[in-house]
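**Student:** Below: one structure in structure tokens.
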Amino acid sequence: MKNSSWKVFYFIILLLIVPKKAAAMHIMEGFLPIEWALFWWGVTTPFLILGFRSIQKTVQENPETKMILGLSGAFAFVLSALKIPSVTGSSSHPTGVGLGTILYGPFAMTIIGTIVLLFQALLLAHGGLTTLGANAFSMAVAGPIITYAVYKGTQKIGWSLSLSVFLSVALGNLSTYLMTSLQLALAFPSEVGGIIASFSKFAGIFALTQIPLAISEGLLTVIVINFLRNHNLDDLKALRVFSKGVN
Amino acid sequence: MKKNLVLFLAVILLAIIPLFIQKGSEFGGADGEAQEAINEINSSYKPWFDSIWEPPGGETESLLFVLQGSIGAGFIGYFIGYMRGRNQEKDKKKGKNRYAVNR
């Protein structure tokens, strides 16, 4: 279709022009129309409930893994505070939720990711309370689910631990920002080109800056997993991190 | 652990290289870009809610970012020390060198 090749062309041009000084962050306070803000709150809430249950269950089954939950939270805190320069000439920060997803499962990270976002919304004016539902969905629901699916999938087909961890975390990080772009595009469809045109515009701003950071987050997570494999093998086994044996 | 060192260097390089290939850029973390894009698409849109509190300036903001990072880093340091100690204790009791097995 002629129309769609134009869209691809437009997307590529935007990737080249727009991100020069863009920054990939969360959706700012008040920048989602109220109906969308409520919609994303509604979508995220069930995942928060699932998250509470998941943490409760894991802690009851394996109380000794509480330290690892703490580590997952601390890791997300540190990484999301690091605004790292990217090739596009702007800065962005990793999400840090990939590690906890691999260790504790995707839903536990919904809680931890939302706590991090709340901290940033209240104290740093990054993101916001009205947009917390949407930001939590992209960073603490969608990202972890992608990470978890890719991790389990690559483990099943026999990839090495490091490679699965790296790929799943990097993809989870990228999908967070693609989700953010989609959320903005849905709320602000372009008059010409509609949602797709808006999506490529926002994705151009958010996602390209994020690629090197996704790689960084993947590598950092591999480092921590390596440490845990050397020092907390029993905990990792209790949390069923490995699909079959230790590779 | 050598592998971890290499990975760590790669992360640092990934952060440093942009500083050289994008000279003149300030690496702003301004959320303004997405804000501008929203304005272009829908110029009549006005944010309907403001942050209930904002850091008064860049200094306070960086203080809070550092605080966030150091709370996390503090726990990670504690965790590493605790696990190392715990494992040494275990190994002493078992009387074997686990590192020989795990390499």
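The values are calculated or read from the model by the stated rules, or taken from the named source; none is laboratory data. For clarity, every value in this text was computed on a predicted model and none was experimentally measured. Here the Cβ positions follow ideal geometry from the backbone for every residue, glycine too, while neighbour counts run over all protein chains shown. To get the accessible areas, we keep the full protein, side chains included, count just its heavy atoms, and leave off ligands, DNA and RNA. Shrake-Rupley method; radii C 1.70, N 1.55, O 1.52, S 1.80 Å.
**Student:** Pairs under 6 Å by beta carbon, first residue without any contact (Cβ under 8 Å) to a residue 60 or more places away in the chain and within 7 Å of chain A (Cβ to nearest Cβ) in region B:63-92, partner in a helix (DSSP H, G or I) and open to solvent by 40 Å² or more (accessible area, probe 1.4 Å), six or more apart or different chains?
**Tutor:** So the pair list comes out as B:Leu64/A:Leu123.
**Student:** With (1) surrounded by fewer than 21 Cβ atoms within 10 Å (Cβ to Cβ); (2) away from chain B (no Cβ under 14 Å); (3) of a type outside the set (A, V, I, L, M) as the list, and A:Pro144 as the residue in question, which single condition is left unmet?
**Tutor:** Among (1) surrounded by fewer than 21 Cβ atoms within 10 Å (Cβ to Cβ); (2) away from chain B (no Cβ under 14 Å); (3) of a type outside the set (A, V, I, L, M), A:Pro144 violates only (1).
**Student:** How many of the residues making up region A:203-241 are under 16 Å from A:Val169 (Cα atoms) and outside any helix (DSSP H, G or I)?
**Tutor:** So the answer is 1.
**Student:** Here's a follow-up. Please go through region A:207-223 and pick out each residue that is of a type in the set (Gly, Ala, Ser) and at the interface with chain B (Cβ under 7 Å from one of its Cβ atoms).
**Tutor:** A:Ser216
**Student:** Go through (1) under 23 Å from the mean Cα position of the chain (by Cα); (2) assigned to a helix (DSSP H, G or I); (3) closer than 22 Å to A:His126 by Cβ one by one and return the number of the condition B:Glu36 breaks.
**Tutor:** If we test B:Glu36 against (1) under 23 Å from the mean Cα position of the chain (by Cα); (2) assigned to a helix (DSSP H, G or I); (3) closer than 22 Å to A:His126 by Cβ, just (1) comes out false.
**Student:** Identify, by number, the condition in (1) under 18 Å from the mean Cα position of the chain (by Cα); (2) charged (D, E, K, R); (3) open to solvent by 20 Å² or more (accessible area, probe 1.4 Å) that A:Glu217 doesn't meet.
**Tutor:** That leaves (3) as the condition not met.
**Student:** What residue, among those in region B:34-61 that are more than 10 Å from chain A (Cβ to nearest Cβ) and open to solvent by less than 100 Å² (accessible area, probe 1.4 Å), is nearest to A:Ile34 (Cα to Cα)?
**Tutor:** Filtering first and then ranking leaves B:Ser44.
**Student:** Hey, can you tell me all the residues within region A:170-206 that are aromatic (Phe, Trp, Tyr), closer than 15 Å to A:His26 by Cα and within 8 Å of chain B (Cβ to nearest Cβ)?
**Tutor:** Once the filter is applied, which keeps residues that are aromatic (Phe, Trp, Tyr), closer than 15 Å to A:His26 by Cα and within 8 Å of chain B (Cβ to nearest Cβ), region A:170-206 yields A:Phe202, A:Phe206.
**Student:** In region B:16-33, which residues are at pLDDT 80 or above and either more than 7 Å from chain A (Cβ to nearest Cβ) or in contact with a strand residue (DSSP E or B) (Cβ under 7 Å, 6 or more places away or on another chain) (or both)?
**Tutor:** Across region B:16-33, the qualifying residues are B:Ile16, B:Ile17, B:Pro18, B:Leu19, B:Phe20.
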